[in-house]
Amino acid sequence: QVQRALLALTIPLEVLQVVKGRMMQAMSNGLSRQTHAQANVPMLPTYICSMPNGTEKGNVLVAELCQSHVRILLMTLLGDGNQSPHVTDKTFDIPGDSMQGPGEALFDFIAQCVRQFLAGVTSPEERLPLGFVFPFSCKQTQLNKAELLSWSKGFSCSDVEGKDVVQLLQSAINKQELFHVEVVALMNDTVGTMMTCSTRERPCEVALVADKGTNSCFMAEAQYVEVVEETNGRMCVNTEWGCFGDDDALNDILTPYDQRVDQESSNPGKKRFEKLVGSLYLGDIVRHTLMALSAEKALFIGSNVTVLGTKGALNTQQVLEIIDNEEGMAKARVALEALGLRPSERDCCRVQQICRAVVSRSAALCAAGLAAILGYIRHSRGLERLVINVAVDGELYRAHSRFGEILQSVTGLLAPDCMAALVPSVDGTGRGAAIVTAVALRLADQRREMDQLLAPLRLSRADLEHVQALMRQEMELGLGQETNANSSVRMLPTYVRGTPDGTGEGRGPGEGGPGEAVAPLMPPCWLPAERGEFLALDLGGTNFRVLVVRVAEDGIRMASEIYLIPTNIMQGTGEALFDHIVDCIMDFQLKQDLMEQVLPLGFTFSFPCQQLGLDKAVLLTWTKGFSASGCVGEDVVQLLREAAQRKQHLALKVVAVVNDTVGTMMSCGYDDPKCEIGLIVGTGTNACYMEEMQNVGTVEGEQGRMCINMEWGAFGDNGCLDHIFTNFDRLVDEKTINPGKQ
């Protein structure tokens, strides 16, 4: 019978692998937005997104709610890597009725502890930030805002669940007239343990607590924590893995002894993993095992065993003493005789075996959970091998080295691709809570500095409406014959009088880019019914494109090639630039077998030009890093023709020159004739639109419409936007090749 009981309490390695897999799936469900609400491992975000960097400094207060006491701690950080903080603390026993009484009374007691502690130490009267260690399951929405989901560990105070515990503590502190004390961070004991063990040289990114309850936390990739908006960096996630198995995922490893412990508890069917691992329950698991074996006459023959029916008759402290190699047998006899039993030597030996099995199972299950976390981290970070530090604390880990040995070895067997170093906590969670609070203050200071620095870049609706009105004013000046010279927005006529009428089938909006759109601009002699074969040249940056565009009834087909313009040509002579362009056109025509054909060419030229006709455009100024000499004030079509003559390429017939913005509008116009605005946001920026001719004072004629190339990149060159320029903008402007322009 004893062997059968021991076998039931022992979980084979292959079953632990299954438990690990189920835990990983439960964790994934908790992190997913779709399944979070139903997940039994809730994976609660803590809003802790940064580890300490050692620069934290100042005074930090901590209130740590523990199982039977409240610990108040004052830590002074010196900015020395957190190596030698000055710590003062005091412990206050919790009155027995406070754990099950009104919630207000518990928080009032914690606030009174803070007041008594501060009365006994020299503390500054200026603002004193407080970190609150609250070791219960909470739904956190900010670092200083958390609603209690459920009590555990013997606490059941009324009127607290569903309420913000930070606000409850702050209200209690204010009642004590400690108005300089502000609760700025809340965390559970597991997060506090992780931060306590972390240093700049040895950061811990996982923590595990094996105490009266059990829990873990780890730094997860923020992009996978779908229940929060943050997607950058990492965020500490509180697993609350004590709830694992509440969906029956652990039924195949539960023993009859576990079932009876669960039925005796204050929350049957809940916290199933915790009831297998936590020290609050291990004594009762041993007790129920002994009771069952006594009923089978395998133990305590001749003894009255009714005392074993009393909950708490054996506690975990006794169990941990019994498993000791040297004094365990003697401790077993003392504990059993104290219950009125008359154990034999063999009884004491078997009780020791059972205690070891229960504690070993607890450690092995913790290892399965830890292996699940390590596997998840390794996978989410895309690592072949994970090397990581794990902070560990709790009564079970501290009280017996055997627990830690099993935890380390079984984790290694279950996660062979992960190398985890266990780092024992030396100061509970209080120091870590102080560091979390100090990190929060450091980040808040950085955020304030950043907000101040970036404030000039943030434009209000009123700012944007002012820019809108200025743009409208500059547009009207640019359209007027007398006022055009005074406008920073040139409003250049393009001599494009219409958009495509749809007789040529198109593709999706803008898919071919501005180069494709030159085809519909060709004069009727070249392009009957918007059909035919055309060359296009698209020049607007450090690369340019040569295309052949075939417009037919069944759609548009294109072939193209991209050519580089070296910096020495961009900033050399105009002749060298246009010679290079013609060389590239000839190279393309050779590759496409087009050298013998005379095809109309449309030229997309994405620089400010005064257009004097569809095939005549005078360059007003270079932009986008170009500064080729001998071009400004010249007709760019003529410069291209002259280069073709120099290269003896006489089959080049340039029939239209357009800006890329116009090309974009025309390209999209194939699918939607209502498209009457073109907008470019690329290396530079510009816009064009179809304007009523009666408003265009710079061109004769009143009838119909004409496309206007705004050249709005120069908007503000007359100083009208100086009020929104920042120091950053001025620094960039000064370093360009055209300061004060564009």
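Annotations
- Based on Cα atoms of the chain, Rg over Rh with Rh as the Kirkwood radius reads 1.20.
- Sparse-neighbour loop sites [GluC sites (Glu not before Pro); the stretch 346-416; at most 11 other C-beta within 10 Å; DSSP]: 384
- Segments 275-284, 665-674 sorted - mean Cβ within 10 Å per residue, highest first: 275-284, 665-674
- In order along the stretch 709-726, the Karplus-derived 3J(HN,Hα) couplings, from 6.51 cos²θ - 1.76 cosθ + 1.60 at θ = phi - 60°, round to 8, 5, 6, 6, x, 8, 4, x, 5, 8, x, 6, 10, 4, 5, 9, 5, 9 Hz, and Gly and Pro are given as x.
- With semi-axes defined as the square roots of five times the eigenvalues of the C-alpha gyration tensor, the equivalent ellipsoid of the stretch 231-339 measures 32, 18, 11 Å, largest first.
- Centre-to-centre separation between the Cα atoms of the stretch 192-209 and those of the stretch 1-77: 13 Å.
- Amide hydrogen neighbours beyond the local backbone of residue 181, cut-off 5 Å, H modeled: 128
- Projected area averaged over orientations for the stretch 318-469, convex hull of C-alpha atoms, nm²: 15.9
- The convex hull around the C-alpha trace of the stretch 592-742, projected and averaged over every direction, spans 12.2 square nanometres.
- Residues whose amide H falls under 5 Å from that of residue 100, counting only those 5 or more places apart or on a different chain, are 156, with hydrogens built in the peptide plane.
- Hits among lysines - C-alpha to C-alpha of residue 624 under 29 Å, sequence gap 8 or more where chains match: 616, 647, 653, 735, 741
- Modelled label positions at residue 699 and residue 485, each set 7 Å beyond Cα in the direction of Cβ, lie 2.2 nm from each other.
- Axial C-alpha extent at least 18 Å, average Kyte-Doolittle at least 1.0 - helices from the chain (DSSP): none
- Entry comment: accessible area of the chain is 44 Å² per residue, from protein heavy atoms only and a probe of 1.4 Å.
- Ranked packing of 5-18, 187-200, most packed first, by mean Cβ within 10 Å: 187-200, 5-18
- Among the GluC sites (Glu not before Pro) within the stretch 121-228, those in coil by DSSP and having at most 11 neighbouring Cβ atoms inside 10 Å are 125, 126, 177, 201.
- One Cα centroid belongs to the stretch 603-650, the other to the stretch 242-279; the line between them spans 81 Å.
- Using the rule -39500 (n - 2.57) for each DSSP H run of four or more residues, divided by the residues of the chain, the 222 nm mean residue ellipticity is -11500 deg cm²/dmol.
- Burial ranking of peptide ranges 244-251, 262-269 (average Cβ count within 10 Å, highest at the top): 244-251, 262-269
- Selection from 631, 645, 687, by position along the positive dipole direction of the stretch 626-742 (Cβ): 645
- Where N is the number of residues in the stretch 113-252, Cα Rg divided by 2.2 N^0.38 Å: 1.19
- Only Lys, Arg (+1) and Asp, Glu (-1) charged, at Cβ; the stretch 605-699 dipole about Cα centre in debye: 480
- Accessible surface of the chain, 1.4 Å probe, proportion on carbon and sulfur as whole %: 50
- Inter-probe distance in nm under a simple model that places probes 7 Å from Cα toward Cβ, at residue 76 and residue 562: 6.2
- Rounded to the nearest 20, the Cβ-based charge dipole of the chain about its Cα centre (Lys and Arg +1, Asp and Glu -1) stands at 2780 debye.
- Selection from 707, 617, 288 lying farthest towards where the dipole of the chain points positive, charges on Cβ: 288
The values are calculated or read from the model by the stated rules, or taken from the named source; none is laboratory data. Since this is a predicted model, take the numbers as computed values, not measurements. A quick note on method: Cβ atoms are made from the backbone with ideal geometry, for glycine too, and the neighbour counts reach across all protein chains shown. We work out accessible area using only protein heavy atoms, side chains counted, and drop any ligands, DNA or RNA first. Shrake-Rupley method; radii C 1.70, N 1.55, O 1.52, S 1.80 Å.
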